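Chemist: Just passing along the structure, written as structure tokens.
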Amino acid sequence: QVQLAESGGGLVQPGGSLRLSCAASGSIFRVNFMSWYRQAPGNQRELVASMTGDGSTNYGDSVKGRFTISRDNAKNTFYLQMDNLKPEDTAVYYCNAWIVEKMYGPQRSYWGQGTQVTVSS
């Protein structure tokens, strides 16, 4: 059973930084597309950043230039570096990954449990 485990959330002052991690465990042949989403109270879940298997990245307009998505294939882990955080970045952050569990098998979507990020003075 594949699982995604998030870590790194917390409370930070405006202008500060946090790094979120998402570690995939279980039967994994390959991690394909990966992404970070966030959801603030009363809002829909929105895409923050994504990365394809070949390393191409995409960012939401509100985080461009401040957030960076990256991955460590050897550890089946990907990250979201968040700099110059703003109060409007406050939300629960979720990681998502499309994972192939065995050679020639289909890819399936998995979600992390979510981690709270609060930006406040």
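Chemist: Each residue of segment 15-29 in turn: what ³J(HN,Hα) in whole Hz from Karplus with 6.51, -1.76, 1.60 and θ = phi - 60°, glycine and Pro shown as x?
Modeler: Rounded to whole hertz, the list is x, x, 10, 9, 10, 8, 10, 9, 9, 8, 9, x, 7, 10, 8.
Chemist: While we're here: Of the heavy-atom accessible surface of segment 1-69 (probe 1.4 angstrom), what whole percent is carbon and sulfur? Spell out each step's value before the answer.
Modeler: Values: 1660 of 3720 Å².
The value for segment 1-69 is 45 percent carbon and sulfur by accessible area.
Chemist: Follow-up question, since we're still on this one. Rounded to whole Hz and in sequence order, give me ³J(HN,Hα) for segment 94-110 from the Karplus expression 6.51 cos²θ - 1.76 cosθ + 1.60, θ = phi - 60°, writing x for Gly and Pro.
Modeler: 10, 9, 9, 9, 9, 10, 9, 8, 8, 4, 6, x, x, 8, 10, 8, 10
Chemist: Cα-Cα pairs above 14 Å in segment 28-95: how many percent?
Modeler: On the way: 1318 of 2278 pairs.
So the portion of pairs separated by more than 14 Å is 58 percent.
Chemist: Set the Förster distance to 22 Å, then compute FRET efficiency between residue 52 and residue 1 from the Cβ-Cβ distance, nearest 0.05. Walk me through the numbers before you get to the answer.
Modeler: Values: r = 25 Å, r/R0 = 1.13.
So, using R0 = 22 Å, E works out to roughly 0.35.
Chemist: Just to check I understand the Karplus step: with θ = phi - 60° and J = 6.51 cos²θ - 1.76 cosθ + 1.60, what whole-Hz values come out for segment 70-86, glycine and proline as x?
Modeler: 8, 8, 10, 5, 5, 9, 6, 10, 10, 10, 9, 8, 10, 10, 6, 5, 10
Chemist: Modelling each spin label as a point 7 Å along the Cα-to-Cβ direction, I'd like the residue 113/residue 29 distance in nm, to one decimal.
Modeler: Going from the residue 113 label point to the residue 29 one covers 2.9 nm.
Chemist: In Å², and per residue, what accessible area does the chain have when probed at 1.4 Å with the other protein chains present?
Modeler: Here the per-residue accessible area is 54 Å².
Chemist: On the first, second and third principal axes, largest extent first, how far apart are the outermost C-alpha atoms of the chain in Å?
Modeler: 49, 25, 25
Chemist: Then there's this: Sort the following peptides by mean Cβ neighbour count (other Cβ atoms within 10 Å, averaged over residues), highest first: 75-85, 33-43, 6-16.
Modeler: For the peptides 75-85, 33-43, 6-16, the packing ranking is 75-85, 33-43, 6-16.
Chemist: When the dipole is taken about the Cα centre of the chain, and only Lys, Arg (+1) and Asp, Glu (-1) are charged at their Cβ, what size is it in debye, to the nearest 20?
Modeler: Working: 11 positive and 9 negative charges, 40 e Å.
Roughly 200 debye, rounded to the nearest 20.
Chemist: Which of 97, 36, 21 sits farthest toward the positive end of the charge dipole of the chain, with +1 on the Cβ of Lys and Arg and -1 on the Cβ of Asp and Glu?
Modeler: 97
Chemist: Moving to a separate point now. Got the relative contact order for the chain handy, in percent, Cα pairs under 8 Å and 6 or more residues apart?
Modeler: On the way: 306 pairs, mean separation 43.8, N = 121.
Relative contact order of the chain: 36 percent.
The values are calculated or read from the model by the stated rules, or taken from the named source; none is laboratory data. Quick caveat: nothing in here was measured; it's all calculated off a predicted structure. Cβ coordinates were reconstructed from backbone atoms using ideal geometry, including for glycine residues, and neighbour counts include every protein chain displayed. These area figures cover heavy atoms from the full protein model, side chains too; ligands, DNA and RNA do not enter into them. Shrake-Rupley method; radii C 1.70, N 1.55, O 1.52, S 1.80 Å.
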